[in-house]
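J.: Before I ask anything, here is the structure I am working with.
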Amino acid sequence: MTQDEMTALIARIRTHNADLYPLFSLEFGDAVVGVAPEELSSTACDLREAGFDRLTMVTAVDRGETFELVYRLHSRSLTASIFVKTVVRRDDPHIASVYDVWPAANWQEREVFDLFGIVFDGHPDLRRILMPYDYEGHPLRRDFEHPNIIRRPDYI
Amino acid sequence: MALVDRIGEGLERLGGGVILTSVDALVDWSRGQSLWAFPMGTACCAMELIAASFSKFDFDRLGTFPRPDPRHTDVMILAGTITEKMKPAVRRLYDQMPEPKWVVAMGNCTVSGGIFYYDTYSVVRGADQFLPVDVYISGCPPRPEALQDGVLQLRELVRMRSLAPGKRYERELALPRPEDASYSNEDPNPPSAGLEGGDAS
Amino acid sequence: MSALLTGAAWGLAAASLIAVAALIGVWWERKVAGRIQMRFGPQEAGPAGLLQTLSDTLKLMLKEDITPTAADVPVFRAMPFLVFVPVASALVVIPYASGWAPFNIATGAVFFLAVPGLSVLGILLAGWASQNTYASIGGVRAAAQMISYELPRTLSVLSLCLLAGSLSTGTIRAEWRWWWVPLTAVGFLVYFISSIAEVNRGPFDLAEAESELVAGYFTDYSGIRWAIFMMAEYGGVVAASLFGAATFLGGGLGLSGVPGALLFVALTALIATAMIWAKWTFPRMRADQLMTFAWKVLTPMALVQLLAVGIALAARVVLS
Amino acid sequence: MSLDIESRSSTLSDDGMPVEELVVNVGPSHPSTHGVGRVVVHLDGDVVVKADPVIGYLHRGIEKMSENRTYLQIVPLTDRLDYVGSMYANWAYCRAVERLARMRVPERAEYLRVIVCELQRIASHMMGIGASAADTGAFTAFVYAFDLRERVVELFEALCGARLTYNYVRPGGLSSDAPDGWEESVVDFVHALPRKLDELDSLFFGNAIARGRMKGIGVLSAQDAIAWGATGPTARASGVNWDLRKHDPYSVYPRMDFDVVVGERGDAYDRNRCRLLECYESARIVEQAVAQMHGGPVHAEGVPRLIQPAPGDAYDQIESARGTLGVYLVSDGSPRPYRMHVRSAAFANLALLPMLAKGHTLSDLVVVLGSLDPVFGEIDR
């Protein structure tokens, strides 16, 4: 899939979702589309219909006031990959689950829930996955503090 | 009380010092000679633990025979990083081993936390925080030869009786039990009612 | 009273035989397995590691004897012996010499087939009394397996009884002729395979299934009690090998005197080694495959063997 | 004299009959969980009604640790991710850093990376097949497979001095060039390999019992494989013709001539057999790579000790022995990554276990688990 085709595809999705806006730019070869959090479900369905049948990765980045959610999709028929990024507010970390669209999101969303505390609405089995079930706190948040952490002396 | 202890008591009443000394030597020999291993392979070091017991290095030469069941083993080889979540299970498996038992800490992670000492929130910094470790083997991971050397060192210690069960038990009692940890591994809302059959293994 | 004393003496002899056989057998197994796996096996204890098993046994005797708190204590403690005694008792009906067995009773073959089968009760109860899920599953698996394999095993031995015209093991050995070997080859194969299943060894070791059930029915046994289970297993191997060599192969292939005795021992060792070989070569079967194999392959094979022997005997009568 | 009452739960079967489920807790230290996995299995008789994997027993927080280390200091951490195939995580991470910091890698380094990763694939698949063999009870096949792995490990030891945690691939190149004579010993090894693989093939895959244990067990359809994000041999065994080396090529793979091994049925047998057949292809690639390789530097010039990429993010992926191994890096312009995430193939593949194990017996559960080839260092991170 060439750059032009990718841009056309993104434009098509954009016209479909009026509120879709580019939060992030195209960089390092992979196309990136930014979507509003409430548009994630419909965008996911559109992309699924456009041929993106694989969800490779779901992860999050702590950006302070917000969490940035990163989905990486891949299409075998189009031989193309695409990043979908969205943001959720830190004080109300809720986002729709894409489990219905790609079942692969099952464990990956559980992991993000476990380590970042982002709640995926509509997930069938949202439990902690890596940390013990009654663990408190979400370790990959930047402000996570735990008495067990020993900070490494800074000598780079 | 094992059968042999009763025989030992009987012999002691008869005042058989010579016999007892020889029996002691035989017992120490047999204990040192057949240190069956419980391979507590949690991470990377498990690969070298497997390598140590297979064709090229052949642990069986030394009489060390890996058994997956803690009840049949003498020495627990801790191979790999132990996390806070794993800690209670390791301790439980240690408790399931019959006396006399020993612990070999293989690799830096079980010696001190190793590469995972700083900045992490879930790694136990050294197995000796909750287990009485007898032999420490450094390396990340140690070579299989180093592990075999560690077991041979343990054999010497066993034969010199410097690791008598009584002394070890005192050390064991001084350690905090991981069951007192602030959290458990049990699902507060288990998928269905009832969980946990059998032992941790 | 004297019968009781004789019985006790033979029992003691059988137990010692098993103990010695287990000592050598474990060493031999570890050596053979080592060679199969391109390594040496025990080397350090004594010459060629010969004292390794002695050391292991001594150590196991000195280990703590754990009884789990949840276990059914009397049953848990007694079961190793209930497994061991029937296996050991099988040794008293084996014809060690032509026409002679320690207990040369008229129904020796039936005794040999039936009494060791009682150990399944011990295994089942050992798994049950441990109050451990793995042990319980192992015990139940063992029960199902051993009962199924009784049938082909009995049928295969029955063809020998038919040939000898007697159920007495001593008579079977005395009546042995060389042409029995080609005639009962299939029966011997059935006997060999079902014997491996009877003693719960690989590829039929579902009851202890290391990779599934950790250690199966003896998961919770430690120290000397576990050693007794292991001794029973090796005792089973020895009994099956001895019986196979003494009846199917006529002891030392019908030879008498010292060469015959030596050949008898050699053939026994050969059968036992073949069992070890099978264990360290084959993967483990699944429970349903195990049953299918017993009922759909081994049992028909044994029946065909029985039929062939019957036809051969009838033909002999007709011809003579 | 009954079983622990807690280990039973009463449910109703489909036809309304009361069923007593037996809950068996497999792990976290079980001989067949390949490390510290745990599966809570609900059994109806001997049939698995529900298998719930519990992971995280090896969660060491590598992603968190990375936020406080420089780009170069993270390379040793990536070794400990997938400890059966350390080279892959090295390479995937270095590719992400190179993409983020816009580095170019010398050609010889790319060739050596391909060689070590294909050797690593052989080593890793041998461990996977061997562990699967041990799960079915064929312990000797495990020993034979592991012996082959040992030969690869010897080659790596000659290359970088370490047996398991290599720290060999670095951002911008490699830690060191291959020693004299190393290429010849690699060629000798790959020439001898097919015969040894044939031996393993007949020992394990040729065995009737092993075939009976693995065929038809844990069948994964192609649709499910794609939908659940399965990659690597797990997906290819189901007929998904997808290999990053071929279909999204990176490094010097376009110059190599090899076939993608694709299975048909998607059962445990096909998954393991795909691994075995991939080893033949890996041997072919190594042979070609050694033949095509020329002298030259193995590390890019001008790569600073303290890499400080411009703010932004980058993702790169390679085909590891277990599937797509991706690394996602976010930089804020400082010498330390703002965020590192590892997209683990084994994590995605293990998520299939509840689906694949359902309806099979407890004995088959360990076979299914083994055929997914989980490595918990990579799953838990």
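The values are calculated or read from the model by the stated rules, or taken from the named source; none is laboratory data. Every value quoted in this text rests on a predicted model; they were computed, and no experiment measured them. Counting neighbours? That spans all protein chains shown, and the Cβs are built from the backbone with ideal geometry, glycine included.
J.: I'd like to check something: does the range C:64-83 contain any residue that is more than 14 Å from every other protein chain (Cβ to nearest Cβ), touching a residue at least 60 places away in the same chain (Cβ under 8 Å) and either closer than 18 Å to B:LEU62 by Cα or not polar (S, T, N, Q) (or both)?
T.: Looking only at the range C:64-83, we keep the residues that are more than 14 Å from every other protein chain (Cβ to nearest Cβ), and these are C:82-83.
Cutting the leftovers down to touching a residue at least 60 places away in the same chain (Cβ under 8 Å) gives us C:83.
Of the ones still in play, those that are also either closer than 18 Å to B:LEU62 by Cα or not polar (S, T, N, Q) (or both) are C:83.
Checked the range C:64-83: at least one residue is more than 14 Å from every other protein chain (Cβ to nearest Cβ), touching a residue at least 60 places away in the same chain (Cβ under 8 Å) and either closer than 18 Å to B:LEU62 by Cα or not polar (S, T, N, Q) (or both).
J.: Check D:GLN73 against each of (1) in a helix (DSSP H, G or I); (2) within 11 Å of chain A (Cβ to nearest Cβ); (3) free of Cβ contacts under 8 Å to residues at least 24 places away in the same chain and name the one condition it does not meet.
T.: Condition not satisfied by D:GLN73: (1).
Here's the yes/no breakdown for (1) under 12 Å from the mean Cα position of the chain (by Cα); (2) more than 26 Å from D:LEU77 (Cα to Cα):
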{"site": "D:PRO337", "(1), (2)": "no, no"}
{"site": "D:MET340", "(1), (2)": "no, no"}
{"site": "D:SER344", "(1), (2)": "yes, no"}
{"site": "D:ALA348", "(1), (2)": "yes, no"}
{"site": "D:GLY359", "(1), (2)": "no, yes"}
{"site": "D:LEU362", "(1), (2)": "no, yes"}
{"site": "D:VAL367", "(1), (2)": "no, yes"}
{"site": "D:LEU372", "(1), (2)": "yes, no"}
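J.: If a residue must be more than 7 Å from every other protein chain (Cβ to nearest Cβ) and either farther than 25 Å from B:LEU26 by Cβ or surrounded by fewer than 19 Cβ atoms within 10 Å (Cβ to Cβ) (or both), how many such residues does the range C:32-53 contain? Write out each step before concluding.
T.: Taking the range C:32-53 as the starting set, the residues that turn out to be more than 7 Å from every other protein chain (Cβ to nearest Cβ) are C:32-33, C:35, C:46-51, C:53.
Restricting the remaining residues to those that are either farther than 25 Å from B:LEU26 by Cβ or surrounded by fewer than 19 Cβ atoms within 10 Å (Cβ to Cβ) (or both) gives C:32-33, C:35, C:46-48, C:50.
Counting residues in the range C:32-53 that are more than 7 Å from every other protein chain (Cβ to nearest Cβ) and either farther than 25 Å from B:LEU26 by Cβ or surrounded by fewer than 19 Cβ atoms within 10 Å (Cβ to Cβ) (or both) gives 7.
J.: Suppose we filter the range C:175-192 for residues that are part of a helix (DSSP H, G or I) and surrounded by 23 or more Cβ atoms within 10 Å (Cβ to Cβ); how many remain? Show your work before the answer.
T.: Of all residues in the range C:175-192, those part of a helix (DSSP H, G or I) come to C:180-183, C:185-192.
With the extra rule that they be surrounded by 23 or more Cβ atoms within 10 Å (Cβ to Cβ), the set shrinks to C:180, C:187, C:190-191.
Looking only at that region, the number is 4.
J.: A further question follows. Checking the condition touching a Leu at 6+ places or on another chain (Cβ under 6 Å), of a type outside the set (Asp, Glu) and at pLDDT below 90, which residue from D:GLY266, D:GLY296, D:GLY302 passes?
T.: Values: D:GLY296 fails: touching a Leu at 6+ places or on another chain (Cβ under 6 Å); D:GLY302 fails: touching a Leu at 6+ places or on another chain (Cβ under 6 Å).
Residue meeting the stated conditions: D:GLY266.
J.: Which one of these does D:ALA348 not meet: (1) touching a residue at least 60 places away in the same chain (Cβ under 8 Å); (2) in contact with an Asp or Glu (Cβ under 9 Å, 6 or more places away or on another chain); (3) closer than 21 Å to A:PHE116 by Cβ?
T.: The failed condition is (2).
J.: Output the residue which, of all residues in the range C:269-292 that are in contact with a strand residue (DSSP E or B) (Cβ under 9 Å, 6 or more places away or on another chain) and charged (D, E, K, R), is surrounded by the fewest Cβ atoms within 10 Å (Cβ to Cβ). Can you show your working first?
T.: To start, the set of residues in the range C:269-292 that are in contact with a strand residue (DSSP E or B) (Cβ under 9 Å, 6 or more places away or on another chain) comprises C:286-288.
Subsequent filtering for residues that are charged (D, E, K, R) retains C:286, C:288.
Values: C:ARG286: 25, C:ASP288: 12.
Restricting to residues being in contact with a strand residue (DSSP E or B) (Cβ under 9 Å, 6 or more places away or on another chain) and charged (D, E, K, R), the top hit is C:ASP288.
For (1) more than 17 Å from the chain's Cα centre (by Cα); (2) surrounded by 24 or more Cβ atoms within 10 Å (Cβ to Cβ), each residue gets a yes or a no:
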site: B:LEU49; (1), (2): no, yes
site: B:ARG61; (1), (2): yes, no
site: B:PRO66; (1), (2): no, no
site: B:ALA79; (1), (2): no, yes
site: B:MET86; (1), (2): no, yes
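J.: Do any residues in the range C:20-37 that are without any contact (Cβ under 8 Å) to a residue 24 or more places away in the chain have Cβ atoms under 9 Å from those of residues that are assigned to a helix (DSSP H, G or I) and surrounded by 22 or more Cβ atoms within 10 Å (Cβ to Cβ), where the two are at least six apart or on different chains, and which pairs are they?
T.: Listed pairs, sorted by first residue: C:ARG30/B:ASP60; C:ARG30/C:GLY49; C:ARG30/C:GLN52; C:ARG30/C:THR53; C:LYS31/C:GLY49; C:GLY34/B:ASP60.
J.: Of the residues that sit in the range D:327-364 and are within 30 Å of D:LEU43 (Cα to Cα) and surrounded by fewer than 23 Cβ atoms within 10 Å (Cβ to Cβ), which one is nearest to the other protein chains (Cβ to nearest Cβ)?
T.: From the range D:327-364, those within 30 Å of D:LEU43 (Cα to Cα) are D:344-364; that's our starting set.
Those still in the list that are surrounded by fewer than 23 Cβ atoms within 10 Å (Cβ to Cβ) too: D:353-355, D:358-361.
Details: D:LEU353: 10, D:PRO354: 10, D:MET355: 9, D:LYS358: 13, D:GLY359: 13, D:HIS360: 9, D:THR361: 6 Å.
So the residue we want is D:THR361.
J.: Quick one: which of C:LEU118, C:LEU60 is part of a helix (DSSP H, G or I), within 28 Å of C:SER159 (Cα to Cα) and more than 8 Å from every other protein chain (Cβ to nearest Cβ)? Steps first, answer last, please.
T.: Values: C:LEU60 fails: within 28 Å of C:SER159 (Cα to Cα).
One residue alone meets the criteria, C:LEU118.
J.: In the range D:119-154, what residues are within 15 Å of D:VAL84 (Cβ to Cβ) and among the β-branched types (Val, Ile, Thr)?
T.: Of everything in the range D:119-154, those that are within 15 Å of D:VAL84 (Cβ to Cβ) and among the β-branched types (Val, Ile, Thr) turn out to be D:ILE122, D:ILE129, D:VAL152, D:VAL153.
J.: Check whether at least one residue in the range D:317-326 is within 13 Å of chain A (Cβ to nearest Cβ), part of a loop (DSSP other than H, G, I, E, B) and either at pLDDT below 90 or within 18 Å of the chain's Cα centre (by Cα) (or both), and report yes or no.
T.: no
J.: Please go through the range D:282-306 and give me each residue that is assigned to a loop (DSSP other than H, G, I, E, B), hydrophobic (A, V, I, L, M, F, W, C) and away from chain A (no Cβ under 11 Å), ordered by number. Show your work before the answer.
T.: Residues of the range D:282-306 that are assigned to a loop (DSSP other than H, G, I, E, B), as a first pass: D:293-298, D:300-306.
Still in the running and hydrophobic (A, V, I, L, M, F, W, C): D:293, D:298, D:300, D:303, D:306.
D:MET293, D:VAL298, D:ALA300, D:VAL303, listed by residue number.
J.: Need the failing condition index for A:ILE118 against (1) at the interface with chain D (Cβ under 9 Å from one of its Cβ atoms); (2) surrounded by 15 or more Cβ atoms within 10 Å (Cβ to Cβ), just the number.
T.: The one condition A:ILE118 does not meet is (1).
J.: When you scan the range D:60-68, do you find a residue that is within 14 Å of chain A (Cβ to nearest Cβ), in a loop (DSSP other than H, G, I, E, B), at positive phi and of a type in the set (Lys, Arg), even just one?
T.: In the first step, residues of the range D:60-68 are kept if they are within 14 Å of chain A (Cβ to nearest Cβ); the result is D:60-68.
Next, only the ones that are in a loop (DSSP other than H, G, I, E, B) stay: D:60-61, D:67-68.
If we keep only those that are at positive phi too, we end up with D:61.
Keeping just the survivors that are of a type in the set (Lys, Arg) gives none.
No, the range D:60-68 has no match at all.
J.: So is C:ILE311 more than 16 Å from the chain's Cα centre (by Cα), in a helix (DSSP H, G or I) and either within 14 Å of chain D (Cβ to nearest Cβ) or free of Cβ contacts under 8 Å to residues at least 60 places away in the same chain (or both) or not?
T.: Numbers: more than 16 Å from the chain's Cα centre (by Cα): yes; in a helix (DSSP H, G or I): yes; either within 14 Å of chain D (Cβ to nearest Cβ) or free of Cβ contacts under 8 Å to residues at least 60 places away in the same chain (or both): yes.
It is true that C:ILE311 is more than 16 Å from the chain's Cα centre (by Cα), in a helix (DSSP H, G or I) and either within 14 Å of chain D (Cβ to nearest Cβ) or free of Cβ contacts under 8 Å to residues at least 60 places away in the same chain (or both).
J.: Hey, does the range B:70-77 have a residue that's farther than 19 Å from B:TYR169 by Cα and either hydroxyl-bearing (Ser, Thr, Tyr) or modelled with pLDDT under 90 (or both)?
T.: Yes, the range B:70-77 contains at least one residue that is farther than 19 Å from B:TYR169 by Cα and either hydroxyl-bearing (Ser, Thr, Tyr) or modelled with pLDDT under 90 (or both).
J.: Let me ask something else about it. Could you tell me which numbered condition D:VAL286 fails, if it satisfies all but one of (1) closer than 29 Å to D:VAL367 by Cα; (2) touching a residue at least 60 places away in the same chain (Cβ under 8 Å)?
T.: All conditions pass for D:VAL286, except number (1).
J.: Within the range D:168-270, considering only helices (runs of 4 or more DSSP H) that don't extend past its boundaries, which have at least 3 residues that are more than 14 Å from chain A (Cβ to nearest Cβ) and crowded, with 23+ Cβ neighbours inside 10 Å?
T.: Counting at least 3 such residues, we get D:208-214.
Let's see how each residue does on (1) touching a strand residue (DSSP E or B) at 6+ places or on another chain (Cβ under 9 Å); (2) free of Cβ contacts under 8 Å to residues at least 60 places away in the same chain:
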{"site": "D:ALA92", "(1), (2)": "yes, no"}
{"site": "D:ARG95", "(1), (2)": "yes, no"}
{"site": "D:ARG99", "(1), (2)": "yes, no"}
{"site": "D:GLN120", "(1), (2)": "yes, no"}
{"site": "D:GLY128", "(1), (2)": "no, no"}
{"site": "D:ALA131", "(1), (2)": "no, no"}
{"site": "D:ASP147", "(1), (2)": "no, yes"}
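J.: Another one. Return the pairs, sorted by first residue and then second, in which the second residue is in a loop (DSSP other than H, G, I, E, B) and of a type in the set (Phe, Trp, Tyr), the first residue lies in the range D:21-49 and is more than 9 Å from every other protein chain (Cβ to nearest Cβ), the beta carbons are less than 7 Å apart, and the residues are 6+ apart or on different chains.
T.: Partner pairs satisfying both residue conditions: none exist.
J.: Does C:LEU23 meet the test of being within 14 Å of chain B (Cβ to nearest Cβ), among the aliphatic types (A, V, I, L, M) and closer than 30 Å to C:THR169 by Cα? Spell out how you get there, then give the answer.
T.: Numbers: within 14 Å of chain B (Cβ to nearest Cβ): yes; among the aliphatic types (A, V, I, L, M): yes; closer than 30 Å to C:THR169 by Cα: yes.
In short, yes.
J.: Filter the range A:103-113 down to the residues that are within 8 Å of chain D (Cβ to nearest Cβ) and over 14 Å from A:VAL70 (Cβ atoms) and list them by number.
T.: Listed by number, the residues that qualify are A:PRO103, A:ALA104, A:ASN106, A:TRP107.
J.: Of the numbered conditions (1) outside any loop (DSSP other than H, G, I, E, B); (2) away from chain A (no Cβ under 14 Å); (3) surrounded by fewer than 24 Cβ atoms within 10 Å (Cβ to Cβ); (4) free of Cβ contacts under 8 Å to residues at least 60 places away in the same chain, B:ALA105 fails exactly one; give the number of that condition.
T.: It fails just one condition, (3).
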